Amino acid sequence: MEKENELLLAIESSCDETSVAVIRNGSEILSNIIASQIKSHRRFGGVVPEVASRHHVEQITLCIEEALQEANVTADELSTVAVTYGPGLVGALLIGVSAAKAFAWAHELPLIPVNHMAGHIYAARLVAPLEFPLMALLVSGGHTELVYMEEDGAYHIIGETRDDAAGEAYDKVGRVLGLSYPSGKEIDELAHQGQDTFHFPRAMMKEDNCDFSFSGLKSAFINTVHNAEQRDEQLKKEDLAASFQASVIEVLTAKTLRACQEYPVKQLIVAGGVAANKGLREALDKMVSEYLPDVQLIVPPLKLCGDNAAMIGAAAHIELKKGHVADYYLNAVPGLSFN
Ligand code: KG4
Ligand code: ZN
């Protein structure tokens, strides 16, 4: 039975954000503290796992205290503790898992293990009630997937990337342009000031499936930049960004449309760090109003698209209802998948 005032403490530490949230009844955010480590990793051009773990150790207790304080909730008032146990960096995940286990033990609370990608999907539940069946386009630094859900907690991957994730492609291309990590946001901004003049390939558009591929686009982009460098030619960063983004968006939008036409969906959820992309949000909005008038599009606000613990709390609420409680042997599972 759902408690009337379920107060859930959620912990997220799978990559480079230490985050702790307090969520009431699965959908009301009382606090969502996010300590980002981005500045420490930037000079290395990517997340350094060892550095990430050290930051999580330093931040986790502070974040728990701050989340409780901001929510105006004491540990005794909490009903549950939830934590991301995968996928992600093993050392980073272990900090959150250990902290959650210790907290659950000390306060005699049930411990809910949460899949990070389920968390990204359930960020939408913090915006609107979910209606099934639904389709989720999951686009992050490590994943690009179309997930079909007939009910809460049941995930069917109906399409996924064969190589790079969309966010990964953004970050690799950004590196070639000399942008700092992660470069998705900056490429998005540059793209809005340029034109699609290079017409990079749109991979797997003709294939009869909902899969993606971004490595060919990445290679085409890098070759274009290197060839120009050898000829001492200066290419406009804005046009390169616009051309790259046009290709990514066209493929993501076309495959998502195909998926939503193949399955009887009531809602389309867009989730993950790349869901913050302005161009993608605009294109999906247009696609849904033109071709899927009966489908409700849910795109969480920017703060809930990137990694955060509120989304983990929202997913944990469902796991708790299903009785998925972990014991103190819970371990990090870096390669955790839906299936
Ligand atoms: O979900 P997320 O915060 O972390 C993972 O779980 O991977 O996603 C991070 C990814 C990075 O690759 C970053 O470049 C990308 O999301 N990203 C964006 C934008 N903001 C963040 N990509 C495109 N456009 C954006 N505005
Ligand atoms: Zn994520």
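What the Cα convex hull of the chain gives, in volume per residue, is 127 Å³. Figure note: Cys210, Cys15 ranked by solvent-accessible area, largest first, 1.4 Å probe, ligands and nucleic acids not counted: Cys15, Cys210. Our summary gives the chain a relative contact order of 25 percent, counting only alpha carbon pairs under 8 angstrom and 6 or more residues apart. Legend: Rg and Dmax of segment 132-299, from Cα coordinates, 16.1, 56 Å. Result for the chain in a Gaussian network model with C-alpha springs under 10 Å: among Pro49, Pro113, Pro129, the largest mean-square fluctuation is at Pro129.
Remark: accessible surface ordering of Lys101, Lys266, Lys172 (largest first) is Lys266, Lys172, Lys101, probe radius 1.4 Å.
A straight Cα-to-Cα reach below 17 Å connects Lys206 with the aspartates and glutamates Glu160, Glu250, Glu262, residues fewer than 8 places away in its own chain not being considered. Between 0 and 90 degrees, the angle of helix 49-71 with respect to the longest Cα principal axis of the chain falls at about 60 degrees. Rolling a 1.4 Å probe over the heavy atoms of the protein chains gives the chain an accessible area of 44 Å² per residue. The accessible area of His226, taken with all protein chains in place and a 1.4 Å probe, comes to roughly 80 Å².
Ordered from largest to smallest accessible area (heavy atoms of protein chains, 1.4 Å probe), the residues Tyr181, Tyr148 come out as Tyr181, Tyr148. For segment 1-155, a simple Cβ point-charge model (Lys and Arg +1, Asp and Glu -1, everything else neutral) yields a dipole of about 680 debye relative to the Cα centre. Dipole check for the chain: with +1 at the C-beta of Lys and Arg, -1 at the C-beta of Asp and Glu, and the Cα centre as origin, the magnitude is about 580 Debye.
Taking the C-alpha atoms only, the angle from helix 309-321 to the longest principal axis of the chain is near 60 degrees. Pair-distance distribution P(r) for segment 141-195, from all Cα-Cα distances in 5 Å bins starting at 0: 4, 19, 19, 16, 14, 12, 9, 5, 2 percent. Against the chain, whose longest principal axis is taken from its Cα atoms, helix 90-107 shows a tilt of about 20°.
For segment 170-247, the relative contact order works out to 44 percent when only alpha carbon pairs closer than 8 Å and six or more residues apart are counted. Sites listed here are GluC sites (Glu not before Pro) in segment 116-160 whose DSSP assignment is loop and whose Cβ has at most 16 other Cβ atoms within 10 Å: Glu131, Glu150, Glu151.
Computed in the context of the full set of protein chains, the accessible area of the chain at 1.4 Å probe radius has 49% of its extent on carbon or sulfur. A quarter of the convex hull surface defined by the alpha-carbon atoms of segment 221-271 gives 4.7 nm² as the mean projection. At the residue level, Thr161 shows approximately 30 square angstrom of accessible surface with a 1.4 angstrom probe and all protein chains present.
The values are calculated or read from the model by the stated rules, or taken from the named source; none is laboratory data. Small disclaimer: the values here were computed from a predicted structure and weren't measured. Heads up, the Cβs are rebuilt from the backbone with ideal geometry, glycines too, and the neighbour counts pull from every protein chain shown. Accessible surface is based on the protein model in full, side chains and every heavy atom, while ligands, DNA and RNA are left aside. Shrake-Rupley method; radii C 1.70, N 1.55, O 1.52, S 1.80 Å.
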